[in-house]
Amino acid sequence: DTAVSQTPKYLVTQMGNDKSIKCEQNLGHDTMYWYKQDSKKFLKIMFSYNNKELIINETVPNRFSPKSPDKAHLNLHINSLELGDSAVYFCASSQERTPLAGVADTQYFGPGTRLTVL
Amino acid sequence: AQKVTQAQTEISVVEKEDVTLDCVYETRDTTYYLFWYKQPPSGELVFLIRRNSFDEQNEISGRYSWNFQKSTSSFNFTITASQVVDSAVYFCALVPLGNNDMRFGAGTRLTVKP
């Protein structure tokens, strides 16, 4: 019974293509996130969604768009893929209802999706 | 600005040695949360501990222990009697109260040799 799952685990594609990565959590959490881990292992937050509202949008190119059909899913769509998009993308979730709820709950991560752009 | 520094890029020890991974953070917030995560060679990120800024008590969990010192803005992690399975990249992270923006350090790669 996986808590946070991502598909696919590996994604190899050509430059210019459009791709999506899916994320689902069965923890009943209210907030979900996408992180990017580059080749040097640096982890950086890209987006978070709370009750279908975007809360954080770091300086991420608008080719990246998160889509949340419901509280349990946060998918990542990437248009016009570039070589520099090659990385491992992690989905995560946490319990807190809003960022001002007074706590920073633990974020639980999915297994990651390794994206390679050729 | 929020920043987490893990100055040790790589550490190598022999099994059964004790090892301490350093974490120093910067924040202007008075309330914040600190985390440690483990990333084994298989790649997933495993939660280890969460600590809020008002709780400076040290924590021990089996062979793992954490030393939180607000005065020096440090949240160090010690593994006692290290084992080969402890080999991983360990990340320290900071979340200020009021947002979900988790800032990670660059990670420390720990190699435990048999």
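The values are calculated or read from the model by the stated rules, or taken from the named source; none is laboratory data. The structure displayed is predicted, hence computed values, not measured ones. Backbone-built Cβ (ideal geometry, glycine too); neighbour counts: all protein chains shown. These area figures cover heavy atoms from the full protein model, side chains too; ligands, DNA and RNA do not enter into them. Shrake-Rupley method; radii C 1.70, N 1.55, O 1.52, S 1.80 Å.
Counting just the residues of the range B:86-95 that are within 14 Å of chain A (Cβ to nearest Cβ) and within 18 Å of B:Glu17 (Cβ to Cβ), which one comes out farthest from the chain's Cα centre (by Cα)? Step through it out loud before you land on a result.
So in the range B:86-95, the residues within 14 Å of chain A (Cβ to nearest Cβ) come out as B:88-95.
Subset that is within 18 Å of B:Glu17 (Cβ to Cβ): B:88, B:90.
Values: B:Ala88: 12, B:Tyr90: 6 Å.
Result: B:Ala88.
Which is charged (D, E, K, R), open to solvent by 20 Å² or more (accessible area, probe 1.4 Å) and more than 23 Å from B:Arg103 (Cβ to Cβ), of A:Lys40, A:Lys44, A:Lys19, A:Lys36? Full working, then the answer.
Details: A:Lys40 fails: more than 23 Å from B:Arg103 (Cβ to Cβ); A:Lys44 fails: more than 23 Å from B:Arg103 (Cβ to Cβ); A:Lys36 fails: more than 23 Å from B:Arg103 (Cβ to Cβ).
Result of the check over A:Lys40, A:Lys44, A:Lys19, A:Lys36: A:Lys19.
Is at least one residue of the range B:2-11 away from chain A (no Cβ under 14 Å) and free of Cβ contacts under 8 Å to residues at least 24 places away in the same chain?
Start the filter on the range B:2-11 by keeping residues that are away from chain A (no Cβ under 14 Å), which leaves B:7, B:11.
Then drop every residue that is not free of Cβ contacts under 8 Å to residues at least 24 places away in the same chain, which leaves B:7.
Within the range B:2-11, one or more residues are away from chain A (no Cβ under 14 Å) and free of Cβ contacts under 8 Å to residues at least 24 places away in the same chain.
Collect the residues in the range A:27-70 that are of a type in the set (Ser, Thr, Tyr) and not in a loop (DSSP other than H, G, I, E, B), keeping them in residue-number order.
First, the residues of the range A:27-70 that are of a type in the set (Ser, Thr, Tyr): A:31, A:33, A:35, A:39, A:48-49, A:59, A:65, A:68.
The answer is A:Thr31, A:Tyr33, A:Tyr35, A:Ser48, A:Tyr49, A:Ser65, A:Ser68.
For the range A:47-71, which positions are surrounded by 15 or more Cβ atoms within 10 Å (Cβ to Cβ), more than 11 Å from the chain's Cα centre (by Cα) and closer than 24 Å to A:Asp85 by Cα?
A:Ile55, A:Ile56, A:Val60 - these are the residues of the range A:47-71 that are surrounded by 15 or more Cβ atoms within 10 Å (Cβ to Cβ), more than 11 Å from the chain's Cα centre (by Cα) and closer than 24 Å to A:Asp85 by Cα.
Against the definition (surrounded by 15 or more Cβ atoms within 10 Å (Cβ to Cβ), more than 14 Å from the chain's Cα centre (by Cα) and not charged (D, E, K, R)), how does A:Leu76 come out, yes or no? Steps first, please.
Details: surrounded by 15 or more Cβ atoms within 10 Å (Cβ to Cβ): yes; more than 14 Å from the chain's Cα centre (by Cα): no; not charged (D, E, K, R): yes.
For A:Leu76, the condition - surrounded by 15 or more Cβ atoms within 10 Å (Cβ to Cβ), more than 14 Å from the chain's Cα centre (by Cα) and not charged (D, E, K, R) - is not met.
Just one of the numbered conditions (1) more than 23 Å from A:Asp105 (Cβ to Cβ); (2) within 11 Å of chain A (Cβ to nearest Cβ); (3) among the polar types (S, T, N, Q) is not true of B:Gln83; which one?
Answer for B:Gln83: the failing condition is (2).
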